[in-house]
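Comments concern the structure below.
The values are calculated or read from the model by the stated rules, or taken from the named source; none is laboratory data. Here the structure is a predicted model, which means the values were calculated and not measured. Using ideal geometry, Cβ is built from the backbone for each residue, glycine included, and neighbour counts are taken over all protein chains shown.
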Amino acid sequence: MSNADRVRVRGLSIFRPIIYGNTATVLTPKEREALSPQTKDHTHRWTVAVRSAASAPDSDIVGGADDLGYFIKRVSFKLHETYPNSTRNIDKPPFEVTETGWGEFEVQIRITFIPESGEKAMILYHHIKLHPWTLTGEPEIPPLEEALRKGPVHSWQYDEIVFNDPYQNFLNLLMAHPPTLLPKEKRYKPTPFHIANPVSLKEAVNVTSEMGVPEFTMAMEKDEAERLEEAKKKVIAEQEQWKKILIEKNEEYQQLQQMVEE
Ligand code: SLL
């Protein structure tokens, strides 16, 4: 590294869009028969991953259009302790772990950047989701046929890794790898709004393979803004209504009081 490379570019921020999360599918009776004695109680196969946010065209993989290996050195997935070698270090893309299991649990995801970045590792948490979303938010384990019919469960979170005051050489490297932009709209079959970390579980409940593979889009951001705007209008309208009722009741009270006095 030359001295010039070791200079931080002050006041500048640059980010890379990522997603992290999991997909899960229920094992068919045949797949369950093939499990080893140690894993014979397992019911699902899942993949936990860190990927670029944009999906490749025509891909049935959520995200992952760009290879993140140019700035990520290692992704370390710390699984539940019931798993043998529960910390899994992945040193090249795809940064993911596929396992079978029977239970949902929280994974610690530690992202280490290349040394030239001078950045500290970043830690994320993700709850491995195996069972379909429900309206109540309470976990419900559907019967096997229903789970098979519904198809893979998806739980993904969009995030942006922000580098503030990056080193000049690291900045150059990042700029040499511009991220694939998110498409404006979902390109294939429609998927309800918030597949990741749903704000509204009503929206997420329908996320099954019948709906196609989820894809993050710019439209989601727009939808969310509109949704907030709608909610605000509703609250204001409700406030107005209560105000009106309050005024009416007050008038009634005045009248009654007057009657009493007379
Ligand atoms: C639960 N708190 O009770 C969670 C724990 C553990 C998940 C889930 C398999 C590990 C193995 C597995 O699915 N562990 O291979 O024995 O739901």
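Going through ILE114, ILE123 one at a time, which residue ends up being over 27 Å from THR28 (Cβ atoms), in contact with a helix residue (DSSP H, G or I) (Cβ under 9 Å, 6 or more places away or on another chain) and surrounded by fewer than 16 Cβ atoms within 10 Å (Cβ to Cβ)? Testing whether each residue is over 27 Å from THR28 (Cβ atoms), in contact with a helix residue (DSSP H, G or I) (Cβ under 9 Å, 6 or more places away or on another chain) and surrounded by fewer than 16 Cβ atoms within 10 Å (Cβ to Cβ) leaves just ILE114.
Can you pull out every residue in segment 43-97 that is of a type in the set (A, V, I, L, M, F, W, C) and modelled with pLDDT under 95?
Residues satisfying the conditions are ALA53, ALA54, ALA56, ILE61, VAL62.
The combined condition, being polar (S, T, N, Q) and more than 19 Å from TRP156 (Cα to Cα), is fulfilled by THR82. Of all residues in segment 39-47, none are outside the structural domain of LYS150 (by TED's automatic domain parsing) and of a type in the set (Lys, Arg).
Among the residues that make up segment 110-119, is at least one of them within 16 Å of the ligand (Cβ to nearest atom) and under 13 Å from VAL48 (Cβ atoms)? Taking every residue of segment 110-119 in turn, none turns out to be within 16 Å of the ligand (Cβ to nearest atom) and under 13 Å from VAL48 (Cβ atoms). In this structure, VAL97 does not qualify as within 16 Å of the ligand (Cβ to nearest atom), assigned to a strand (DSSP E or B) and touching a residue at least 60 places away in the same chain (Cβ under 8 Å).
Note on segment 120-131: among residues that are more than 16 Å from the ligand (Cβ to nearest atom) and touching a residue at least 24 places away in the same chain (Cβ under 8 Å), the one that is nearest to ILE161 (Cα to Cα) is MET122. Can you give me the number of residues within segment 6-43 that are within 16 Å of the ligand (Cβ to nearest atom), surrounded by 12 or more Cβ atoms within 10 Å (Cβ to Cβ) and not acidic (Asp, Glu)? The total comes to 11.
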